[in-house]
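Notes follow once the structure below has been shown.
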Amino acid sequence: MAARAAATRPARPGHPPRARVHVHLHLHVHLHVHPNRALGGSPLDWTADRACLQSVFEGLKQEWKGFAEAKPGERFRAHQATLAQKSRVALIGRAAFGVLLFAAGVVMLFAPGPGLLVMVFGFALAAGQSHWVAARLDRGEVAGRAAWGKLKRRWLAATTGVKVLIVALAVVLAASAALVMVRLVLA
């Protein structure tokens with residue numbers, strides 16, 4: 001299955017038509033045909049495929065639950081230790097998929113799509129194999145939580161005028177960044 005998105009810039013008077021940008025996303029679904037199914041009836045047993053997908057999603061759900069329940073400052077190393085118990089093929093596949101997602105995120109930075117989010121997700125998948133990265137992420141999480149708590153306390157202590165000024169500044173910066181991105185993409 002392929003999803004396609006196209007963006008066309010209208011031509012300005014006296015200028016040639018603009019080029020189209022195409023982004024292709026390919027989703028490959030592997031259906032397993034078992035010999036006993038191929039002899040009689042439909043070779044595609046959707047109930048077995050659905051059960052397989054449900055099993056995969058259930059495993060991911062349990063993995064996330066274990067990650068979320070772990071103590072901050074230890075969760076990334078605990079998750080890395082859990083991943084280390086999986087088969088070598090699964091670990092290599094996860095790392096390769098993470099690298100591919102990271103590369104797709106880099107491409108999406110210059111094309112329509114959630115490039116930064118895809119890059120972060122891809123990096124997290126690939127880096128999940130490394131004890132060194134897990135230890136740094138644990139330290140970063142603790143520091144990030146402390147910084148967020150400090151920022152939240154300062155925000156709550158700030159006067160309304162200061163809050164309005166900060167929000168206005170954030171809106172101006174976001175609009176400026178969006179304008180720069182639009183000009184870069186459409187240039």
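Rounded to whole numbers, the Karplus 3J(HN,Hα) couplings from phi for segment 64-74 are 5, 4, x, 5, 5, 7, 5, 5, x, x, 10 Hz, using 6.51 cos²θ - 1.76 cosθ + 1.60 with θ = phi - 60°, and x at Gly and Pro.
Quick check: net charge around ALA135, other residues with Cβ under 15 Å of its Cβ, Lys/Arg +1 and Asp/Glu -1? List each step's numbers first, then the result.
Details: positive: LYS71, ARG75, ARG77, ARG136, ARG139; negative: GLU74, ASP138, GLU141.
Here the count lands on +2.
The peptide list 113-124, 165-176, put in order of mean Cβ contacts within 10 Å with the highest first, becomes 113-124, 165-176.
In this calculation the C-beta distance from VAL162 to GLU141 is compared with R0 = 30 Å, giving a FRET efficiency of 0.55. Cβ-to-Cβ counts within 10 Å put ASP138, ASP49 in ascending order as ASP49, ASP138, the fewest first.
Distance between the 7 Å Cα→Cβ label points at SER55 and ALA178: 4.6 nm. Here the simple spin-label model places points 7 Å from the Cα toward Cβ, and for ALA170 and GLU74 these points are separated by 3.4 nm.
Near LYS65: Cβ cut-off under 15 Å, other residues only, Lys/Arg at +1 and Asp/Glu at -1. The net charge is 0.
Residue by residue, segment 116-133 carries 3J(HN,Hα) couplings of 5, 5, 5, 4, 5, 5, x, 4, 4, 5, 5, 6, x, 8, 9, 5, 4, 5 Hz when phi is fed to the Karplus relation 6.51 cos²θ - 1.76 cosθ + 1.60 (θ = phi - 60°); x denotes Gly or Pro.
Values in this text are rule-based calculations from the coordinates and carry no lab data. Small disclaimer: the values here were computed from a predicted structure and weren't measured. FYI the Cβ positions are ideal-geometry reconstructions off the backbone, even for glycines, and counts take in every protein chain you see.
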